[in-house]
1. Provide a single number: the residues in the stretch 389-416 that are within 26 Å of residue 179 (Cα to Cα), away from the ligand (no atom under 16 Å from the Cβ) and part of a helix (DSSP H, G or I).
2. If a residue must be surrounded by fewer than 24 Cβ atoms within 10 Å (Cβ to Cβ), part of a loop (DSSP other than H, G, I, E, B) and touching a helix residue (DSSP H, G or I) at 6+ places or on another chain (Cβ under 6 Å), how many such residues does the stretch 55-75 contain?
3. Looking at 372, 360, which one is closer than 30 Å to residue 56 by Cβ, touching a strand residue (DSSP E or B) at 6+ places or on another chain (Cβ under 9 Å) and crowded, with 24+ Cβ neighbours inside 10 Å?
4. Return the residues of the stretch 335-355 that are within 14 Å of the ligand (Cβ to nearest atom) and part of a strand (DSSP E or B); say none if nothing qualifies.
5. Just a yes or no: is a residue in the stretch 205-227 within 24 Å of residue 95 (Cβ to Cβ) and assigned to a loop (DSSP other than H, G, I, E, B)?
6. Within the bounds of the stretch 40-48, is there any residue that is under 15 Å from residue 206 (Cα atoms) and surrounded by fewer than 15 Cβ atoms within 10 Å (Cβ to Cβ)?
7. Residues that are free of Cβ contacts under 8 Å to residues at least 60 places away in the same chain and surrounded by 17 or more Cβ atoms within 10 Å (Cβ to Cβ): does the stretch 175-183 have at least one?
8. I'd like to verify a number: residues in the stretch 77-96 that are in a loop (DSSP other than H, G, I, E, B) and under 25 Å from residue 200 (Cβ atoms), how many?
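The values are calculated or read from the model by the stated rules, or taken from the named source; none is laboratory data. All of these numbers come straight from a predicted model, not from anything done at the bench. Here the Cβ positions follow ideal geometry from the backbone for every residue, glycine too, while neighbour counts run over all protein chains shown.
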Ligand SMILES: Cc1cc2nc3c(=O)[nH]c(=O)nc-3n(C[C@H](O)[C@H](O)[C@H](O)COP(=O)(O)OP(=O)(O)OC[C@H]3O[C@@H](n4cnc5c(N)ncnc54)[C@H](O)[C@@H]3O)c2cc1C
């Protein structure tokens, strides 16, 4: 069924009794051409683009929980392409262009909202760094505007401009950045992949990888063995666990990232804003809640819940930037497992094991990458060569030294 104003009208007249499930709850077949492990945004997008761009539809997505139960349904929905380094900029801009046409492509309302992402600066040095970043973006064809304090004040008048510990001097704005309803991305890709013949297999945990003579031949799962010619790992925070099944260690640490939503209030803030003096960012959801977050928890963990020190830290940053926010109540908070790479940039590459491909290292910025990640991973799997905008995301860069250290903090994942 194609979603349209006409189908909505027809269903309304029929009492909404004819809607079909958005995707089939498939049982695993004994064998596939490609198995994508992980039914998050990246896995589902990969399966969709394998079918739509490369004509490979004998594909299954194997998900241990339900679709959207991982980070794709836990993130704070921010999309942007305001990167500085050449390895990153073309990739994230490719993602932004795919976001701009996504809803038509997959015939699903993902609520793509280009409301602008504003990064605040609080010192001359930070302003100069943002000017450099903005210039690099513009040279690469990405939109960027450097704003002074009064221009920022006109957009968000209620922040603490002068009397805070870190007075706001201005901001770097990417107007095409914004937010996208995260779980709609998972549902939309799942539906679009299913329509092209991909099996979405939920509640099926991969427990082992079958490897013969240096080549992967299938997986062991909680629902029995499945064979495949190619296996693509897109399990985000669980990447190290999956590659350990193949005897591989990754340059990745898993950490928890927490997020928060306040009670609903009238429209207050119509952009995404990041606080440049601490790790804090905020936007407002369509239901009215302020959605905000901050830093990762400092210790390694596979738990999907965080700890009190980071909660305190996030609230302190919120109060420093926006004192009025202290009058709101926090409604919910949650955590997700981040696959923090050593240089803060992702990996889209084949592994030393034939037929085994890896998509990982997204840190806390993988949601915005979802369409390009799926696009480039599908390209790699189908053609066995990296997509031109993802050539820098190689696994061996940590051995060769060609790291993409966007933040310039070295091999310290808890600082990326
Ligand atoms: C609180 C929070 C805020 C964030 N905010 C942003 C943001 O604003 N912008 C942004 O760009 N990014 C953000 N991120 C990061 C982003 O969500 C992730 O980088 C991205 O979602 C990871 O890719 P994914 O969607 O494929 O991951 P996931 O949705 O986690 O998918 C991986 C899937 O693999 C499955 N899996 C794991 N092990 C197995 C197994 N053995 N067998 C089968 N399946 C398995 C998991 O169940 C999971 O569903 C945030 C993350 C969090 C937690």
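1. Adding up the residues that qualify gives 2.
2. 3
3. Values: 372 fails: touching a strand residue (DSSP E or B) at 6+ places or on another chain (Cβ under 9 Å).
Of the residues listed, the single one that is closer than 30 Å to residue 56 by Cβ, touching a strand residue (DSSP E or B) at 6+ places or on another chain (Cβ under 9 Å) and crowded, with 24+ Cβ neighbours inside 10 Å is 360.
4. 335, 336, 337, 338, 339, 340, 341, 347, 348
5. Looking through the stretch 205-227, none of the residues is within 24 Å of residue 95 (Cβ to Cβ) and assigned to a loop (DSSP other than H, G, I, E, B).
6. At the first step, the residues of the stretch 40-48 found to be under 15 Å from residue 206 (Cα atoms) are 40, 43.
Within this subset, residues satisfying the condition of being surrounded by fewer than 15 Cβ atoms within 10 Å (Cβ to Cβ) are none.
No, the stretch 40-48 contains no residue that is under 15 Å from residue 206 (Cα atoms) and surrounded by fewer than 15 Cβ atoms within 10 Å (Cβ to Cβ).
7. Pass one, the stretch 175-183, residues free of Cβ contacts under 8 Å to residues at least 60 places away in the same chain: none.
No - not one qualifying residue is present in the stretch 175-183.
8. Quick first cut of the stretch 77-96, residues in a loop (DSSP other than H, G, I, E, B) only: 77, 80-88.
Narrowing further to those that are under 25 Å from residue 200 (Cβ atoms): 77.
Looking only at that region, the number is 1.
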